[in-house]
Every structure is written in structure tokens, then in C-alpha cells.
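Some notes on the structure that comes next.
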Amino acid sequence: MARGLAMRKLQSLAPAQILRPRSVRAVACQAQQQEDVLLRSLSDLGEVAVLVLQGTHLVQEAMDRHKTAPTATAALGRTLLGAALLGAYRKEEEQIQIQFKGDGPLGSILAVADTKGQVKGRVGNPAADPPLRPDGKLNVGAAVGQGQLCVTRTHPGQPRPYTGIVNIVSGEVAEDLATYLAESEQTNSALALGVCIGRDLRVKSAGGYLVQVLPFCSDDTLDQLEQNLTGMPSMTQLLNQGLSPQEITDKILAGLGSGGSSGDTIIPRYGPCEAEALKGRMLRAVASLGAAEVKSILEEQGQVEVTCELCNEQFQFSEAEVMQYV
């Protein structure tokens with residue numbers, strides 16, 4: 001197989017959630033409640049990098065914070081997982097922001113992640129939940145709609161952020177992010193993201209993997225990798241079978257060597273959402289309104305109430321707290 005053809009096929013491999021056709025918005029899953037972890041590994045010859053993320057608790061926390069409907073949960077969850085994966089394979093202190101600007105009922109999706117596995121986000125309409133697709137899957141594509149995907153990378157050592165913009169291909173998130181990597185960052189990669197919702201409408205499993213082909217990768221390695229990925233079940237199926245990130249990595253790198261236990265791990269989490277850090281940021285935001293506007297709010301309400309759109313935490317500030325920043 002020609003090298004260029006193999007790479008194009010790798011870029012197109014972006015399997016998403018697979019749900020059994022049902023008459024209600026739920027699916028039975030048997031995932032073990034493993035702890036969240038992001039595993040980074042290299043093939044034995046250093047030709048392929050693999051990141052595998054188990055993020056069930058992360059997505060459940062996002063659902064709890066934003067009170068999202070099933071389809072909105074799947075869309076937000078996939079975006080959070082994608083941001084965590086893209087952020088984990090970059091320079092220290094870099095931050096990545098992913099924003100889907102679609103015309104669907106979901107509105108925009110925003111996720112922000114760093115290299116340490118911290119990620120947070122929001123959706124424009126948490127209640128968006130269009131009818132299931134004919135094949136029984138949650139219709140994330142319809143919820144997102146058409147529009148643009150913007151990815152911004154910032155680093156304190158760089159004079160300005162880098163922003164890449166591509167058209168939304170399907171709205172299913174994984175395929176769109178894979179398209180961004182191929183077109184904007186010229187990265188040969190395969191990306192899979194999945195969120196499985198149980199009968200109780202809670203997150204049963206959520207995770208993803210990012211496979212990147214490194215420079216000087218041989219044709220034989222590309223052929224083996226393509227074969228492995230083509231036969232892979234969806235990410236949620238793998239998690240529902242109880243497979244760990246290491247076992248999933250071994251499947252992806254079958255015949256190429258996965259380095260055994262040599263991969264390093266990151267513990268992903270939603271946030272940072274520490275109250276004191278948020279309060280300081282919120283007070284500065286309020287102060288930016290100006291003294292006259294702040295005094296008007298205080299006269300009408302007696303206090304200032306601010307909600308963080310990413311963490312959905314509410315804070316109330318007294319006149320004494322606010323005026324010291326104005």
C-alpha cells in the first residue's frame with residue numbers, strides 16, 4: 001500500500017459512539033467503573049505515539065455540573081475528551097481551546113485543556129437532545145450542525161496564540177478533530193472518542209484514543225497500524241468490555257510493541273474549579289465593569305452574583321469584597 005494512501009486512511013479513522021437501536025434514549029453498558037487515567041505510549045521502534053484516555057468520571061462530572069441532556073452530554077463529553085488528548089501531547093504549560101461553532105440546537109461547544117490533564121467546558125444549550133438517528137445512535141451531528149471548528153493553542157513562551165479553523169465535517173466531534181489535525185497541523189493521526197449513556201441516563205463509559213504517526217515511520221508499520229485500527233471496536237465497546245488503557249494500547253500497537261509498562265500516565269480531572277481561584281477571577285471580572293456599574297448592581301440587589309460558565313459554580317460577593325477591586 002502506498003504511504004500517502006495509508007496516511008489518508010489513518011486520518012479518516014474516527015469511530016464514535018455506537019448505540020444499539022432502542023425506543024428510548026439509553027443504552028445498556030457493562031463498563032467497569034475504572035478510575036480515570038490517560039496513558040501515553042510509544043511503539044517499540046518509536047514510530048507511533050498512542051494516547052488512550054479512560055474518562056468516564058470526567059464526563060459524568062461535566063454532565064452533573066451542566067445538567068446536560070443525553071445528546072448534549074455525548075457532544076460535550078467527546079469534546080472534553082478530545083481536548084484532553086490533544087492537550088496531553090504538547091509542550092509544558094501549553095493550553096488548548098476547542099470551540100465548535102455550529103448552527104444546530106446545541107449552539108456552541110467550548111472545551112479548554114492543559115498538558116496536565118485538566119479540562120473543562122460548556123455547551124450553549126444543555127437541553128439539546130434531537131431524535132435518535134435511524135440506526136439508533138444519539139444524533140450528535142444534528143445537535144452540532146454545520147459551521148466551523150476553531151482550535152487555539154497558547155503558550156506563555158510564544159508571542160501570540162496559534163489558531164486553526166476548519167469547517168465542521170460531520171458534527172460528530174472525532175471526525176472533525178481528526179480533520180483539523182490533518183489540515184491545520186499536518187498531523188497524520190487517528191482519533192476515536194465515545195460516550196455511552198446507560199438506562200439510568202448516567203454516563204456508563206467514556207474515553208478515547210489518539211494515534212499519531214511520527215516522522216520516518218516505515219510503510220510496514222503504517223500497514224500494520226492501519227490493519228489494527230480498521231478492526232478495532234468502538235471506544236465505548238472496549239471500555240464496556242472492561243479493557244484498561246494499557247490493554248487498549250496493546251490492541252492498537254499489536255505487532256508493533258507497546259513498550260509494556262513504560263508509558264507514562266496522567267490523571268485527568270474536570271477543572272481547575274477551586275473556589276478561591278474562581279473567586280479571584282470572578283471579582284476581577286466584576287471590577288472590569290467599572291465602579292458606576294458595580295455600584296448600580298449593589299444598589300439594586302445588595303450583592304453581586306456571578307456564575308462561571310465553564311464550571312457552573314455560582315459566587316455571591318458583598319459590597320466590601322467587590323469595591324476593593326474597583
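The values are calculated or read from the model by the stated rules, or taken from the named source; none is laboratory data. Given the structure is predicted, the values throughout are model-derived calculations rather than measurements. In this analysis, Cβ positions are derived from the backbone assuming ideal geometry, glycine residues included, and neighbour counts consider all displayed protein chains. These accessible areas exclude ligands, DNA and RNA; they are computed on the full protein's heavy atoms, side chains included. Shrake-Rupley method; radii C 1.70, N 1.55, O 1.52, S 1.80 Å.
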Query raised in the report: Can you spot a residue in region 48-60 that is surrounded by fewer than 24 Cβ atoms within 10 Å (Cβ to Cβ) and on the phi > 0 side of the Ramachandran plot?
Result: no
Requested in this report: Would you point out which residue out of Gly157, Gly164, Gly257 is open to solvent by less than 10 Å² (accessible area, probe 1.4 Å) and either in a loop (DSSP other than H, G, I, E, B) or on the phi < 0 side of the Ramachandran plot (or both)?
Outcome: Gly164
Report task. Out of Ala174, Ala206, Ala182, report the one residue that is closer than 28 Å to Gly107 by Cα, of a type outside the set (Asp, Glu), in contact with a helix residue (DSSP H, G or I) (Cβ under 8 Å, 6 or more places away or on another chain) and at pLDDT below 95. Result -> Ala182
Requested in this report: Residue by residue through region 118-140, note down the ones that are touching a helix residue (DSSP H, G or I) at 6+ places or on another chain (Cβ under 6 Å) and open to solvent by less than 30 Å² (accessible area, probe 1.4 Å).
Outcome: Val119, Gly121, Val123, Ala128, Pro130, Leu138, Val140
Query raised in the report: Of the residues that sit in region 194-225 and are in a loop (DSSP other than H, G, I, E, B) and over 20 Å from Ala49 (Cα atoms), which one is most open to solvent (accessible area, probe 1.4 Å)?
Result: Arg199
Query raised in the report: What is the number of the single condition among (1) open to solvent by 10 Å² or more (accessible area, probe 1.4 Å); (2) touching a strand residue (DSSP E or B) at 6+ places or on another chain (Cβ under 6 Å) that Asp64 does not meet?
Result: (2)
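Closer than 25 Å to Gly271 by Cβ, touching a helix residue (DSSP H, G or I) at 6+ places or on another chain (Cβ under 9 Å), touching a residue at least 60 places away in the same chain (Cβ under 8 Å) and not in a helix (DSSP H, G or I): is that true of Ala190 in this structure?
Working: closer than 25 Å to Gly271 by Cβ: no; touching a helix residue (DSSP H, G or I) at 6+ places or on another chain (Cβ under 9 Å): yes; touching a residue at least 60 places away in the same chain (Cβ under 8 Å): yes; not in a helix (DSSP H, G or I): yes.
So Ala190 fails the test.
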Query raised in the report: Take the residues of region 169-191 that are closer than 29 Å to Leu132 by Cα and acidic (Asp, Glu): which is most open to solvent (accessible area, probe 1.4 Å)?
Result: Glu175
Report task. Can you work out which of the residues in region 267-306 that are at pLDDT 75 or above and under 23 Å from the mean Cα position of the chain (by Cα) is surrounded by the most Cβ atoms within 10 Å (Cβ to Cβ)? Result -> Pro268
Query - Condition broken by Gly171, with the remaining ones in (1) among the small types (Gly, Ala, Ser); (2) touching a strand residue (DSSP E or B) at 6+ places or on another chain (Cβ under 7 Å); (3) at negative phi; (4) assigned to a loop (DSSP other than H, G, I, E, B) satisfied - result: (3)
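Could we say that Gln60 is more than 20 Å from Leu177 (Cα to Cα) and touching a residue at least 24 places away in the same chain (Cβ under 8 Å) here? Let's see the steps before the verdict.
On the way: more than 20 Å from Leu177 (Cα to Cα): yes; touching a residue at least 24 places away in the same chain (Cβ under 8 Å): yes.
Judged against the criteria, Gln60 is a match.
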Query - Criterion violated by Ala143 - all others in (1) in contact with a Lys or Arg (Cβ under 8 Å, 6 or more places away or on another chain); (2) crowded, with 20+ Cβ neighbours inside 10 Å; (3) over 30 Å from Glu47 (Cβ atoms) satisfied - result: (1)
Query raised in the report: Which ones in region 67-101 are open to solvent by 10 Å² or more (accessible area, probe 1.4 Å), basic (Lys, Arg) and within 19 Å of Leu181 (Cα to Cα)?
Result: Arg90, Lys91, Lys101
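What is the residue count in region 64-78 for residues that are in a helix (DSSP H, G or I) and either of a type in the set (Gly, Ala, Ser) or touching a Leu at 6+ places or on another chain (Cβ under 8 Å) (or both)? Quick ask: steps written out before the conclusion?
Step one: of region 64-78, the residues in a helix (DSSP H, G or I) are 64-66, 70-78.
Now restrict to residues that are either of a type in the set (Gly, Ala, Ser) or touching a Leu at 6+ places or on another chain (Cβ under 8 Å) (or both): 66, 70-72, 74-75, 77-78.
Going through region 64-78 one residue at a time, the tally reaches 8.
If we scan region 82-97, do we find a residue that is of a type outside the set (A, V, I, L, M), within 28 Å of Glu247 (Cβ to Cβ), part of a loop (DSSP other than H, G, I, E, B) and modelled with pLDDT of 90 or more? Even if it seems obvious, please write down each step before you answer.
Just the residues of region 82-97 that are of a type outside the set (A, V, I, L, M), to begin with: 82, 87, 89-95, 97.
Narrowing further to those that are within 28 Å of Glu247 (Cβ to Cβ): 82, 87, 89-90.
Okay, now just the ones that are also part of a loop (DSSP other than H, G, I, E, B), so 89-90.
Pick out the ones that are also modelled with pLDDT of 90 or more and you get none.
No, there is no match, as no residue in region 82-97 is of a type outside the set (A, V, I, L, M), within 28 Å of Glu247 (Cβ to Cβ), part of a loop (DSSP other than H, G, I, E, B) and modelled with pLDDT of 90 or more.
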